[in-house]
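Quick notes on the structure that follows.
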Amino acid sequence: MRKLKLVMVGNGMAGVRTLEELQKIAPDLYDITVFGAEPHPNYNRILLSPVLAGEMTIQDIILNDLQWYADNDINLHLGARVGEIDRRNRSVIATSASGETITVDYDRLLLATGSTPFVLPIPGNDLPGVISYRDIKDTDEMIDAAARYKHAVVIGAGLLGLEAANGLALRGMDVTVVHLSDWIMERQLDRTAGKMLQAALEAKGMKFKLNAHTAELVKGESGRVCAIRFKDGSSLPADLVCMAAGIRPNVALAEQAGIHCNRGIVVNDTLQTYDPRVYAVGECANHRGTAYGLVAPLFEQAKVCANHLAEMGIGRYQGSVTSTKLKVTGIDVFSAGDFSGAEGTEDIVLHDPGLGIYKRIVLKDDKLVGAVLYGDTKDGAWYFQLLKDEQNIHDIRDHLVFGNAHLGDVGHKGNSVAATMPDSAEVCGCNGVCKGTIVKAIKEHGLFSLEDVRKHTKASSSCGSCTGLVEQILASTVGGAYQPADSNNKAVCGCTDLSHGDVRKAIRDHKLLSVADTQQYLRWKTPNGCATCRPALNYYCISTWPHEAIDDPQSRFINERAHANIQKDGTYSVVPRMWGGLTTPTELRAIADAAEKYKVPTVKVTGGQRIDLLGVQKEDLPAMWADFARAGMASGHAYGKSLRTVKTCVGAEHCRFGTQRSMDLGVKLEKMLFGMWSPHKVKLAVSGCPRNCAESGIKDIGVIGVDSGYELYIGGNGGIKTEVAQFFCKVADDEEVMEYGGAFIQLYREEGFYLERTCHYLERVGMEHIKQHVLENAERRKELHEKLLFALQNYKDPWAERFEDASGGALRREFEIIKV
Amino acid sequence: MNDWTLICALADVPVLGARVVESSLKGRIALFRNSADQVFAVHDKCPHKGGPLSQGIVHGSTVTCPLHSWKIQLEDGQVAAPDVGCVTPFPVKIEDGQVYMQL
Ligand SMILES: Cc1cc2nc3c(=O)[nH]c(=O)nc-3n(C[C@H](O)[C@H](O)[C@H](O)COP(=O)(O)OP(=O)(O)OC[C@H]3O[C@@H](n4cnc5c(N)ncnc54)[C@H](O)[C@@H]3O)c2cc1C
Ligand code: FES
């Protein structure tokens, strides 16, 4: 088959990212030709600022070296500018570095021509020594000028201008920043923050001239620029003038070819222009009225565009919320979203001039819509996540402005102190990765996403509790280029682009009954998925279609397959169930006998009020279970994403304070939920009185007996981050506890994402949502409760099942060793 | 040296699963079967901290270690990046539905 021809114009960050995405999913579809006007392979443009500041070199910022193009069979023309697109004949015409004309045909054309700096229309704007700040050439010229001349003027005090000024100042020039408005960075900052920033930059030696209208650039004797003159008649000496007064989408080529442009090449949600064969990504494109000037949105565009170029046709780009961060070492400025003070918005401001801290967060309808942080930006990533997720912040509004750290250690995705951590500080405790390693990997490999960092360093790839920290390190290292994935739409894993929500919906809508069917229907990219997605898919199938879906043991983590908990030495721990934490002499005797018979090295009482036998060999498991089953004991599921325990205090049965019979209710609840699989483990507790001896405040469902009934709390967690359960409702009796609690659990089972604890589920969907389904609508509550009971009926204790083994040994075989 | 030892029937190894083979000479070996009915054998000991690979999840021709999720390529026993290491592979073949291994 003849390969299709893809031609790309513009060898920059957005375009090359699109090719990378394309190569990942359809490596053989196209013959690819790339034209780049610059003589360099693709480099990380945003790091030109540290290069100018002398913190990095050009070599450090190359993203794709020439070998990469060769390895991917890409026909690369460097220093070649495309001057014309012949749409009728479907070809582009370029002039090579050596002046020859090159004509290449295309089936698909990708325009990624970026932006051109805006040059003020004033006399002298073309003098030697007058430049803009866009590429390696400009940077080199500035570095060169800094070595030879004294006076620099930067026009425009936006992000780019300030980074340029900072670099030039660090290189010893006397720099004045000239700006039209009353304060600097007025698009990102309000006046107060702008003034604080200005003071900080002045302390670093920069000068500012505000409200300045430039009239002309003056030519010196050598022919080079020598001064800048303003409309008020004043002037400043200038041997170098850097114009950083904004950028314009580079549309000249597209316009000339008659492709519809309007402040950018107009594209639809698939990044297609008005000519269906022509796509556009990056700063040159105008999507729904916006041409973005930051890389994070461009990368999202790249992903969608690649998918359509690959003829897969999945995915739409629907626009991005952006955040920015000034890359001037030692000065922290962060802004995100909309803080223009639009109608219906409210501001919360914290201003401490003494400490040099200013924070302004903008709210609209109980949601965060914008944030400006100066001086203390460590919560930037957290605010940005709240903003992107459109999370309702009503409940945390009173302390929102103090940041996430202030909310205490409560599981808000682990944000804290990335920027101030020393390089040697350990970030990922599971894999022993320290901050320095992560920063180095980000810089060396040009990483932009959490997924990338996980792949290169392993940080945050195990328990995930350091994810927030890693995200912060990313944000502080690559600045605004970092785009956190929207929590609700993160892809399940590298095997698919679909999110947990998408997958759950598809399984429900299309009645997918097995892992393999689901993968096939949703076009999984890998033959059998991976250890991340398979357990998730298996859970989604069996929880959505109880008694119908096929439970695939090979898609379960070993603990659930072996019905015991694997330990670090490869032995297992076995925990028989003790309903509500109650036991009998007979059970205790059976446990003691088993411990001796199978030479169990460690016997321990667990936090969930039962007994753990640790260090059992896998081969011994079936026989041990058989012994327990004979003694009438069942699996404690201490190993599963399932019901763990219902902890109880002694309650009114014995306790003089007890108001309710907590042991009784605990046993009933545990029996009701026996054998329940869930997105993550589920723990309950029942306390007989508000003294709360069963620790109901840190359980997924906590029940506290009061004189008139019970109080129900949900979403607590005593794990990595302690999360206090939230009050849910008050009910009258045992039956209601089971109904309300069961309905909540069922809702979580239906809507929770795999490995999402109830506290995170609650945080994601909000208490209101749960109340709507469980409290406000009695019919829905009953329905949920019944669905739960239906799913759990006829559940067979897995230990007994293996001991009786009706399958002719297949269940047992897992445990037998073949000796040769 | 080059003798093939009969291990078990292919049907005794679950698809996308594994069995543990204990050899008096070589210790514990994990025998895997993937969805394309290929079989692989490697030492049942993860190069990271000795996790039992036979208990991991099998996908493609890779197994993910149950302890800390290192990924081991079963054809050659190499650990997938970014981790490094390798585990000894053993030659295996299927003949007439029986699995043989060279120990
Ligand atoms: C100094 C600096 C600092 C920045 N800092 C940040 C930051 O901190 N965070 C952030 O998110 N963003 C930052 N940006 C912006 C970011 O770099 C851009 O958004 C991004 O590079 C745009 O990518 P692109 O592919 O659309 O365009 P570009 O990367 O500009 O690539 C376009 C390429 O196309 C070439 N080209 C144009 N026309 C033709 C033609 N006719 N034929 C052949 N080639 C052509 C150009 O030469 C150029 O190489 C910064 C930019 C600069 C300059
Ligand atoms: S022992 Fe295998 S990953 Fe750690």
Query - Complete set of residues in region B:54-73 that are near ligand 2 (Cβ under 7 Å from one of its atoms) and open to solvent by less than 10 Å² (accessible area, probe 1.4 Å) - result: B:65
Query raised in the report: Only one residue in B:54, B:69 is within 13 Å of another protein chain (Cβ to nearest Cβ), touching an Asp or Glu at 6+ places or on another chain (Cβ under 6 Å) and not in a strand (DSSP E or B). Which one?
Result: B:54
Query - Filter result for residue A:40 (of a type outside the set (A, V, I, L, M), crowded, with 16+ Cβ neighbours inside 10 Å, over 32 Å from the mean Cα position of the chain (by Cα) and at pLDDT 95 or above) - result: no
Query raised in the report: Can you name the residue in region B:34-48 that is open to solvent by 30 Å² or more (accessible area, probe 1.4 Å) and more than 7 Å from chain A (Cβ to nearest Cβ) and is also nearest to ligand 1 (Cβ to nearest atom) among such residues?
Result: B:48
Report task. Examine region A:4-27 for a residue that is within 9 Å of ligand 1 (Cβ to nearest atom), outside any helix (DSSP H, G or I) and among the β-branched types (Val, Ile, Thr), and state whether such a residue exists. Result -> yes
Query raised in the report: When you look at residue A:55, is it among the acidic types (Asp, Glu), closer than 28 Å to residue A:139 by Cβ and either touching a His at 6+ places or on another chain (Cβ under 8 Å) or more than 9 Å from ligand 1 (Cβ to nearest atom) (or both), yes or no?
Result: yes
Query raised in the report: Tell me, which residue of region A:795-809 that is modelled with pLDDT of 65 or more and open to solvent by 30 Å² or more (accessible area, probe 1.4 Å) is nearest to the chain's Cα centre (by Cα)?
Result: A:795
Query raised in the report: Only one of A:263, A:288 is of a type outside the set (A, V, I, L, M, F, W, C), surrounded by fewer than 20 Cβ atoms within 10 Å (Cβ to Cβ), away from every other protein chain (no Cβ under 14 Å) and within 15 Å of ligand 1 (Cβ to nearest atom); which?
Result: A:263
Report task. Report, by residue number, each residue of region B:74-96 that is within 14 Å of ligand 2 (Cβ to nearest atom), in a strand (DSSP E or B) and of a type in the set (Val, Ile, Thr). Result -> B:79
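Here is a yes/no grid of residues against (1) within 12 Å of chain B (Cβ to nearest Cβ); (2) loosely packed, with under 14 Cβ neighbours inside 10 Å; (3) of a type in the set (S, T, N, Q); (4) over 30 Å from residue A:315 (Cβ atoms):
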position	(1), (2), (3), (4)
A:530	yes, no, no, no
A:560	yes, no, no, yes
A:564	yes, no, no, yes
A:609	no, no, yes, yes
Query raised in the report: Across region B:74-94, what is the total count of residues that are buried (at least 16 other Cβ atoms within 10 Å of the Cβ), away from every other protein chain (no Cβ under 13 Å) and within 22 Å of residue A:818 (Cα to Cα)?
Result: 3
Query raised in the report: Across region A:545-558, what is the number of residues that are buried (at least 19 other Cβ atoms within 10 Å of the Cβ) and either under 17 Å from residue A:502 (Cβ atoms) or within 13 Å of chain B (Cβ to nearest Cβ) (or both)?
Result: 6
Query raised in the report: Are any residues in region A:215-246 surrounded by fewer than 19 Cβ atoms within 10 Å (Cβ to Cβ), out of contact with any Lys or Arg (no Cβ under 8 Å at 6 or more places or on another chain) and of a type in the set (A, V, I, L, M), and if so, which ones?
Result: A:227
Query raised in the report: Hey, residue A:34 hits all of (1) open to solvent by 20 Å² or more (accessible area, probe 1.4 Å); (2) closer than 24 Å to residue A:283 by Cα; (3) modelled with pLDDT of 95 or more but one; which does it fall short on?
Result: (1)
Report summary line: Counted residues in region A:168-205 being open to solvent by 10 Å² or more (accessible area, probe 1.4 Å) and within 23 Å of residue A:340 (Cα to Cα) come to 15
Query raised in the report: Name the residues in region B:1-12 that are of a type in the set (A, V, I, L, M, F, W, C) and within 9 Å of another protein chain (Cβ to nearest Cβ), would you?
Result: B:6, B:7, B:8
Report task. Starting from region B:30-49, keep only residues that are farther than 14 Å from residue B:89 by Cα, then list their pairs with residues that are within 16 Å of ligand 1 (Cβ to nearest atom) whose Cβ atoms are within a distance under 9 Å, requiring at least 6 positions of separation or different chains. Result -> none
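A quick yes/no check of all residues on (1) basic (Lys, Arg); (2) buried (at least 23 other Cβ atoms within 10 Å of the Cβ):
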{"site": "A:647", "(1), (2)": "yes, yes"}
{"site": "A:655", "(1), (2)": "no, no"}
{"site": "A:669", "(1), (2)": "no, yes"}
{"site": "A:677", "(1), (2)": "no, no"}
{"site": "A:680", "(1), (2)": "no, no"}
{"site": "A:685", "(1), (2)": "no, yes"}
{"site": "A:688", "(1), (2)": "no, yes"}
{"site": "A:702", "(1), (2)": "no, yes"}
{"site": "A:711", "(1), (2)": "no, no"}
Query raised in the report: Restricting the first residue to region A:232-260 and requiring it to be closer than 21 Å to residue A:148 by Cβ, which pairs with a second residue that is small (Gly, Ala, Ser) and part of a strand (DSSP E or B) meet a Cβ separation below 6 Å and a spacing of at least six or different chains?
Result: A:237/A:227; A:238/A:227; A:240/A:152; A:243/A:132
Query raised in the report: Considering A:217, A:240, which residue is away from ligand 1 (no atom under 16 Å from the Cβ) and farther than 30 Å from residue A:274 by Cα?
Result: A:217
Report task. Could you check residue A:572 against (1) farther than 20 Å from residue A:795 by Cα; (2) open to solvent by 20 Å² or more (accessible area, probe 1.4 Å) and say which number it fails? Result -> (2)
Query raised in the report: Looking at region B:21-31, is at least one residue at the interface with chain A (Cβ under 7 Å from one of its Cβ atoms), open to solvent by less than 20 Å² (accessible area, probe 1.4 Å) and either in a loop (DSSP other than H, G, I, E, B) or among the aliphatic types (A, V, I, L, M) (or both)?
Result: yes
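The values are calculated or read from the model by the stated rules, or taken from the named source; none is laboratory data. Please read these numbers as outputs of a predicted model, since none were measured by experiment. Here the Cβ is made from the backbone with ideal geometry for all residues, glycine too, and neighbour counts use every protein chain on show. In case anyone asks, the SASA skips ligands and DNA or RNA and just uses the protein heavy atoms, side chains included. Shrake-Rupley method; radii C 1.70, N 1.55, O 1.52, S 1.80 Å.
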